[in-house]
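Colleague: Got a structure for you, questions after.
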Amino acid sequence: MSVSRRLILRSAGALPLLAGPFGFSAFAQTAPAAPAPAEMPPVLFVHGNGDHAALWITTMWRMESNGVPRDRMFAINFTDPLARTDDKVEQADRSSTEDQRRELGEAIKELKRRTGAARIALVGNSRGGNPIRSYIKNGGGADVSHAVLCGVPNHGVYVSDQGLGAEFNGGGPFLRDLNEGDTEVTPGTAFLTLRSDGMDKYAQADGRFVGKPGTPTGVTADGPALKGATNLVLGAIDHRETAYHPRAFREIYKFIAGREPSRIEIVPEAAVTLSGLVTGTPGGIQTNRPVSGASVEVYRVSADTGERIGGPVHSSQTGADGRWGPAKVEPSWYLEIVLTSAGSTTTHFYRSPFPRSSDIVHLRAARPLGAADAGAGAVVLMSRPRGYFGLPRDIVLIDGKEPTDVKPDVPTDSVTTLRLPAAEAGRPVVAVFNQERIVARAWPASENRITVAELTY
């Protein structure tokens with residue numbers, strides 16, 4: 001019997017508590033982490049369509065802040081994270097459901113080997129829930145104690161007799177197979193689904209969010225729920241926030257650990273080490289394939305002006321494995337990370353302070369400068385990877401104004417673009433999302449450079 005509980009979230013866009021410059025305390029003193037939960041299984045995090053492991057950074061920081069050892073967690077990076085148009089038809093730099101199930105199985109085997117655990121917990125967002133369900137149903141349930149499915153389109157983003165080979169078609173064979181029977185979960189594994197109260201763009205009755213305005217999708221806000229699972233509604237959160245919001249963290253942790261987390265805020269470390277992968281976008285397609293020969297420089301910058309404070313604190317070039325780092329920084333530093341690779345736009349990422357270490361600070365070059373950027377002296381992107389911009393739900397300001405390219409109502413946009421005339425290239429641009437504030441410098445587009453103010457929260 002499905003268990004449902006409605007959890008109202010008054011302001012889903014409110015920034016999570018952080019023991020740092022955005023929260024309740026300063027960095028002068030580092031709070032002790034919570035004691036390790038001895039009985040908690042290792043956790044493997046699974047990203048969604050077109051995404052990468054880095055989206056789980058804040059979730060993993062919160063886990064660590066509650067005593068979960070870093071080496072008891074892993075976030076997979078699918079080689080080709082985008083789904084095929086037709087699951088059974090080869091498509092360059094895209095993956096099938098079977099590709100994802102195979103890669104997930106390999107990651108599960110490795111995490112079990114590394115930790116010595118007999119069973120592990122899986123947590124997936126969006127498309128990441130499909131290989132989780134497929135792996136468990138098709139013989140992997142003995143390996144998995146808990147499965148947490150966050151905003152997963154378990155019944156598709158639409159149901160249609162056309163395009164039945166599409167992975168996200170609820171009428172297609174892939175999802176019909178997963179959902180057959182009186183219960184939609186596999187016995188022996190505890191299932192939790194987390195969903196939005198009407199603000200998930202992939203759980204909407206109207207087809208305008210999947211390119212078919214005015215056409216019924218056959219899917220409702222209840223689409224992510226599963227018969228036989230514990231099904232929770234988190235409130236007015238968006239598709240990605242079902243996984244990455246602090247409200248989602250609370251439920252993920254509580255379900256796996258069997259108790260409330262001792263804290264939601266992220267506890268800063270005294271010293272921070274950052275590293276990650278540089279991955280490519282051949283033909284504009286997001287992949288997690290490593291890029292060799294890419295240059296990565298890290299600068300400390302002023303929180304007020306975005307200007308560099310001294311020379312680079314880190315400089316490296318990627319090898320065949322695509323890895324950059326390690327960079328040692330302070331947990332109070334605002335950063336500029338410069339990515340330069342052949343054939344790509346030189347990208348200047350401006351980031352809020354990293355309160356804790358991470359080895360999944362993955363980098364992809366920003367999109368090429370295109371026709372819409374013609375005549376612009378500088379192009380500045382404000383990007384929110386772990387959620388969308390919800391208007392009027394959130395405070396969203398770039399250069400002192402609410403962006404006009406963010407659609408209101410159901411949150412659908414994670415990037416907004418500011419174009420400046422040539423005379424204004426080089427000046428600071430302030431990006432504000434609720435309580436997170438980043439000051440970036442507008443680099444000249446004439447030098448094939450683009451600026452990204454990348455939000456962490």
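Colleague: Run down Val233, Val210 and say which single residue is farther than 23 Å from Gly181 by Cα, of a type in the set (Val, Ile, Thr), free of Cβ contacts under 8 Å to residues at least 60 places away in the same chain and buried (at least 17 other Cβ atoms within 10 Å of the Cβ). Break it down into steps so the answer makes sense when it comes.
Modeller: Numbers: Val233 fails: free of Cβ contacts under 8 Å to residues at least 60 places away in the same chain.
Going through Val233, Val210 in turn, the sole match is Val210.
Colleague: Something else now. Have a look at Val396, Val379 and point out the one that is among the hydrophobic types (A, V, I, L, M, F, W, C), closer than 27 Å to Leu274 by Cβ, without any contact (Cβ under 8 Å) to a residue 40 or more places away in the chain and touching a strand residue (DSSP E or B) at 6+ places or on another chain (Cβ under 7 Å).
Modeller: None of the other options fit; the residue is Val396.
Colleague: How many residues does the range 397-435 contain that are within 30 Å of Tyr202 (Cβ to Cβ) and either among the acidic types (Asp, Glu) or in contact with a Cys (Cβ under 9 Å, 6 or more places away or on another chain) (or both)?
Modeller: Going through the range 397-435 one residue at a time, the tally reaches 4.
Colleague: For the range 163-196, which positions are part of a loop (DSSP other than H, G, I, E, B), of a type outside the set (Gly, Ala, Ser) and either buried (at least 22 other Cβ atoms within 10 Å of the Cβ) or touching a strand residue (DSSP E or B) at 6+ places or on another chain (Cβ under 8 Å) (or both)?
Modeller: Applying the first criterion (part of a loop (DSSP other than H, G, I, E, B)) to the range 163-196 yields 163-168, 170-172, 180-189, 196.
Subset that is of a type outside the set (Gly, Ala, Ser): 164, 167-168, 180, 182-187, 189.
Of everything in the range 163-196, those that are part of a loop (DSSP other than H, G, I, E, B), of a type outside the set (Gly, Ala, Ser) and either buried (at least 22 other Cβ atoms within 10 Å of the Cβ) or touching a strand residue (DSSP E or B) at 6+ places or on another chain (Cβ under 8 Å) (or both) turn out to be Glu167, Phe168, Val185, Thr189.
Matching residues to (1) under 20 Å from the mean Cα position of the chain (by Cα); (2) at pLDDT 95 or above; (3) loosely packed, with under 15 Cβ neighbours inside 10 Å; (4) not polar (S, T, N, Q):
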| residue | (1), (2), (3), (4) |
| --- | --- |
| Met40 | no, no, no, yes |
| Glu64 | yes, yes, no, yes |
| Pro69 | no, yes, yes, yes |
| Gln91 | no, yes, no, no |
| Arg94 | yes, yes, no, yes |
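Colleague: Any residue at all in the range 287-295 that's among the basic types (Lys, Arg), within 16 Å of Ser275 (Cβ to Cβ) and in contact with a strand residue (DSSP E or B) (Cβ under 7 Å, 6 or more places away or on another chain)? Can you show your working first?
Modeller: Just the residues of the range 287-295 that are among the basic types (Lys, Arg), to begin with: 289.
Pick out the ones that are also within 16 Å of Ser275 (Cβ to Cβ) and you get none.
Among the residues of the range 287-295, not one is among the basic types (Lys, Arg), within 16 Å of Ser275 (Cβ to Cβ) and in contact with a strand residue (DSSP E or B) (Cβ under 7 Å, 6 or more places away or on another chain), which makes the answer no.
Colleague: Another question, then. Just wondering, is there one or more residues in the range 102-109 that are among the basic types (Lys, Arg), open to solvent by less than 10 Å² (accessible area, probe 1.4 Å), over 15 Å from Asn288 (Cα atoms) and in a helix (DSSP H, G or I)? Working first, answer last.
Modeller: Kept after step one, since they are among the basic types (Lys, Arg), are these residues of the range 102-109: 102, 109.
Among the residues that remain, those that are also open to solvent by less than 10 Å² (accessible area, probe 1.4 Å) are: none.
No - not one qualifying residue is present in the range 102-109.
Colleague: Please enumerate the residues belonging to the range 197-231 that are assigned to a loop (DSSP other than H, G, I, E, B) and of a type in the set (D, E, K, R).
Modeller: Result: Asp197, Asp200, Lys201, Lys212, Asp222, Lys227.
Colleague: Please go through the range 262-280 and pick out each residue that is more than 16 Å from Ala53 (Cβ to Cβ) and open to solvent by 20 Å² or more (accessible area, probe 1.4 Å).
Modeller: The answer is Ser262, Arg263, Ile264, Glu265, Glu269, Ala270, Ala271, Thr273.
Colleague: Name the pairs whose Cβ atoms lie under 9 Å apart, with the first residue in the range 319-338 and more than 19 Å from Ile360 (Cβ to Cβ) and surrounded by fewer than 21 Cβ atoms within 10 Å (Cβ to Cβ), the second of a type in the set (Phe, Trp, Tyr) and at pLDDT below 95, and 6 or more positions between them or separate chains?
Modeller: Correct list of pairs: Glu330/Phe27; Ser332/Phe27.
Colleague: From the list Asp405, Asp409, exactly one residue is out of contact with any strand residue (DSSP E or B) (no Cβ under 9 Å at 6 or more places or on another chain), farther than 24 Å from His52 by Cα and surrounded by fewer than 17 Cβ atoms within 10 Å (Cβ to Cβ). Which is it?
Modeller: Just a single option satisfies the conditions, and that option is Asp409.
Colleague: For the range 282-307, name all the residues that are surrounded by 22 or more Cβ atoms within 10 Å (Cβ to Cβ), within 21 Å of Ala431 (Cβ to Cβ) and among the small types (Gly, Ala, Ser).
Modeller: Passing the criteria: only Gly306.
Colleague: Restricting the range 115-162 to residues that are in a loop (DSSP other than H, G, I, E, B) and of a type in the set (A, V, I, L, M), which is least open to solvent (accessible area, probe 1.4 Å)?
Modeller: That would be Val152.
The values are calculated or read from the model by the stated rules, or taken from the named source; none is laboratory data. Please read these numbers as outputs of a predicted model, since none were measured by experiment. We place every Cβ from the backbone using ideal geometry, glycine too, and count neighbours over all the protein chains shown. Remember, those area values only see protein heavy atoms, side chains included, never the ligands or the DNA or RNA. Shrake-Rupley method; radii C 1.70, N 1.55, O 1.52, S 1.80 Å.
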